[in-house]
1. Just name the residue that is farthest from B:CYS393 (Cα to Cα) out of those in segment B:162-190 that are at pLDDT 95 or above, surrounded by 21 or more Cβ atoms within 10 Å (Cβ to Cβ) and of a type in the set (A, V, I, L, M).
2. Is it true that some residue in segment B:168-188 is outside any loop (DSSP other than H, G, I, E, B), within 18 Å of B:TYR421 (Cα to Cα), under 21 Å from the mean Cα position of the chain (by Cα) and not aromatic (Phe, Trp, Tyr)?
3. Checking B:ALA135 against (1) farther than 27 Å from B:GLU235 by Cα; (2) within 14 Å of chain A (Cβ to nearest Cβ); (3) modelled with pLDDT of 95 or more, which test does it fail?
4. Let me confirm something: among B:LEU120, B:LEU80, which residue is in a loop (DSSP other than H, G, I, E, B), away from chain A (no Cβ under 14 Å), within 19 Å of the chain's Cα centre (by Cα) and crowded, with 18+ Cβ neighbours inside 10 Å?
5. Quick one: would you say B:LEU65 is surrounded by 20 or more Cβ atoms within 10 Å (Cβ to Cβ), more than 27 Å from the chain's Cα centre (by Cα) and either closer than 19 Å to A:GLY354 by Cβ or within 8 Å of another protein chain (Cβ to nearest Cβ) (or both)?
6. For segment A:400-411, does any single residue satisfy the condition of being surrounded by fewer than 24 Cβ atoms within 10 Å (Cβ to Cβ), within 11 Å of chain B (Cβ to nearest Cβ) and touching a Pro at 6+ places or on another chain (Cβ under 7 Å)?
7. Would you check which residues across segment A:190-207 are of a type outside the set (Lys, Arg), free of Cβ contacts under 8 Å to residues at least 60 places away in the same chain and either within 15 Å of A:GLU136 (Cα to Cα) or touching a Ser or Thr at 6+ places or on another chain (Cβ under 6 Å) (or both) and list them?
8. Taking segment B:281-312 as the search range and keeping residues that are more than 27 Å from B:GLY81 (Cβ to Cβ) and β-branched (Val, Ile, Thr), which one is surrounded by the fewest Cβ atoms within 10 Å (Cβ to Cβ)?
Amino acid sequence: MALHTETPSRASGPQPEQAQDRRGALIQTEALASLLAAIVGERGVLARPSELSAYSSDGLPGYRLRPRLAVFPHTTQQLVDVVRLLARKQCPFVARGAGTGLSAGALARGDAVVVGLNRLNRIISIDPLNRLAVVEPGAVNVTLSRAAGAYGLHYAPDPSSQTACTIGGNVAENSGGPHCLKYGVTLNHVVALKVILPSGEITTLGNADGEAEGYDLLGAFVGSEGCFGIALEVTVRLTPNPQGVRTLLADFTSIDAGARATSAIIAAGILPAALEMMDGPTIRAVEASIYAAGYPADASAVLLIELDGMDEGLDADVQRVEAHCLAAGARTVRIAANEEERTRLWQGRKKAFGAMGRIAPDLVVQDAVIPRTRLPDVLREIAAIAELRQIQVCNVFHAGDGNLHPNIGYDSRNPDESRRVGLAMRDIMQACIDAGGTITGEHGVGLDKLEYMPKIFSPESLAAQCALRDAFDPERRANPGKVVPVHSCREWVGA
Amino acid sequence: MSEPVAVPACAIPGTPLANATAGIMACVHCGFCLQACPTYLALGDENDSPRGRIFLMRSLAEGDLALDDPSVHTHIDRCLGCRACETACPSGVPYGALLEATRATLAQVVKPPLRARLILALFARRGLMRAVVAAARALRATGIPRLLARLPGDLGFAFAMLASSASPLSRARYRSRGTGARGSVSLLRGCVMEGLFAAANRATERTLVANDYTMVPAPNQHCCGALHAHAGDLEGARTLARRNIAAFEAAGAELVVTNAAGCGALLKEYGHLLADDDAWSARAAAFSARARDVSELLAAAGPRVGAPISYRVTYDAPCHLQHAQRVHAEPLVVLDAIPGLERVALVDSDQCCGSAGIYNLLEPALSAAVLAPKIAHIEVTGATLVVTGNPGCLMQIGAALCRAGVPARTVHPVELLDASYAAAARSGR
């Protein structure tokens, strides 16, 4: 299916089981565990239910699915051997990085094995001249930027979880982050992928020169949520650090005013590096945390706006942004005086999701995109839904690109509250769809958004997605049951 | 969203863990703690991460896992208790308190290992402890431990630890004078500090006096109980805490100071430890409010600048100062008062060295795995002195440097300040 392929090597991986299991029959879990341990060692396999519990949820803990086993390869060759073993045994699997995802995408149902990639965390090479880096899938996002920093470069996509999440997970979810407003999402920064398909075949998608080679299969793989295979090596583009950076904090007495300021800034033709909004409840959760950033606690909304680029002209843009904020009703606009203050302002924003634990024991976060001009309407509608369903919504989101993240804290021990939260989530999603938006900006579909897929895609479109998936994974063993509703595949695959 | 996960009532009512469930519920599973956790970084298993351990705690509380489940014990035992996760946690999960409650709960079912119980029993017996450290000191004075420090295995490491507890600085001799106007202070001498790091204790007294504090002896003090609390022996820790509260109340000083980060962290938590003890809770809270690390007192005073001493130094933050007490800047302020130092930044100085109380004796392999990157980072600095304010860290890092042949020693920051003051006294300033 692609230009560079290697056939599964017979020399690699354990051999003894092949004779007894030619027919590919279902294998006992215990036997599978020992075959996996033969590849990765005893300490690389988890089989006890008590130890698999930690892998039964990810960053969205409203879902729990206990996997069959979890296996942790330490080298690329071990990973290849593991995938090929699972292919021979026809065993479904789910790739998992740091488990910080927010759509329950890294959960494995009881017949599937979690393939943990967090031990494959090496930065293989950095080429400062061509501004490229090659990393293993388990490399943590922020460690790449730290390593590239020595050359005045960084890796631009910066999901809020960047201190923990992995590049492999970013590839699977096509992750965004605050700075994607100007710099683009993961897809815009991955130039090549060496992947292993669920069949065990190794192939390279894209190339480091950026030349097109037929159909854009790299584009299909990035954002495929682990349904197309596992990345062995990721080649990413590094971005030069901007000459100048200015970070502004504007505070408002209404969400509406903040939304108007957002629209005005973009309409004026200014492209900030990031334009983030946080509402009052979010501000107060952050200010109560170790990441307190000095946001005004009595504000109804703050905008965190970053401008970067050549020093020349930067301050003129700052003044224009400041004027737009004040015209929209900002009480104050503060400009970070130094790097320390800038870091603090950003830490508060990036850790806001985690800080929600202060509000309630359980948390769901929604991820929807709407046309930016509809921000004031949709935010008002979300507030109305919260009131109707008697729940508390905290909004912290990428205002510049209309990517909403309503966070709803609740207590899962309260069945009635849990039910109301579920209803509110559906209402909010419907409101976003009605406003001309879509159901995910950057968190992926996973399990959480599955039910919304038929709301935005026609049956034909879903069937086409199934067909694409079948090209990569005809047995549907990679992250089964995610992204496209199974009934769509069954009903429409022949249409 | 899915059907809500039904959570049954607490399955282990009346246990320390049952009282800590609010802290467990604060975790929203964001995973921001993962990269802060030394054992997760070393082992790559979420069961050995804060988030995974909290999941295990929750499973215990909800009855999904039994208290005698061996894998629970494995992963809870492996926690260093460094609390780096607390300074990464946006939700403010009180991880240290959860860990102690969990260990106390598990200890009701499975006793801690014999080695741990022996060490804790020793620390709880003041006279015996003094005899043991006196013997250790005598052994150290013979120079034998330094000769045997390169022996393989735990024994060699133990000799290296003992050898590295000797001060690398020549003994300071000067008369310390100050106005005493900053208030009265009693020093928690500390079992290991007074036994093996007496020079640091004397330096603490002299530098505090030089910075206008008045030292008041507190004669009947005991072991602080930190090792007991970390191991889950909360009752043992409470007994010691009560004795210390009484001893320091009797001494009557305004503040209680310690130069051992691990001891200081617990002194500041006596209020929490005795919160349910009606007779002691108020006294414990008042005691904790008066407890300070020596660097806090010196930083508050200025501190007075000494004479130049020339060393290439790097600072490593003890976890119980950095993460548990959240004292970050003060030790650096102390070093700022010493002219002539060449300061080199240490990569990952906020990461644990693997000492973690008696952890290095109970989990030597994992402790060594956590320590290895620390030593590599220190070697890169080219520093001849590694400055850190906790006896465990001083010995753990010192031993590893000695065994690896790295030409660097460990020293308490206050000793360095004291040396600077001694130099000033010599030059008549």
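1. B:VAL185
2. Taking every residue of segment B:168-188 in turn, none turns out to be outside any loop (DSSP other than H, G, I, E, B), within 18 Å of B:TYR421 (Cα to Cα), under 21 Å from the mean Cα position of the chain (by Cα) and not aromatic (Phe, Trp, Tyr).
3. Only one criterion is unmet by B:ALA135, namely (2).
4. Checking each option against the conditions leaves just B:LEU80.
5. Spelling it out, B:LEU65 is indeed surrounded by 20 or more Cβ atoms within 10 Å (Cβ to Cβ), more than 27 Å from the chain's Cα centre (by Cα) and either closer than 19 Å to A:GLY354 by Cβ or within 8 Å of another protein chain (Cβ to nearest Cβ) (or both).
6. Within segment A:400-411 (the criterion being surrounded by fewer than 24 Cβ atoms within 10 Å (Cβ to Cβ), within 11 Å of chain B (Cβ to nearest Cβ) and touching a Pro at 6+ places or on another chain (Cβ under 7 Å)), the answer is yes, since at least one residue qualifies.
7. Within segment A:190-207, A:VAL190, A:VAL191, A:ALA192, A:LEU193, A:VAL195 qualify.
8. Looking at the filtered set, the residue picked out is B:VAL305.
The values are calculated or read from the model by the stated rules, or taken from the named source; none is laboratory data. Since the model is a prediction, treat every value here as computed from it, not as a measurement. In this analysis, Cβ positions are derived from the backbone assuming ideal geometry, glycine residues included, and neighbour counts consider all displayed protein chains.
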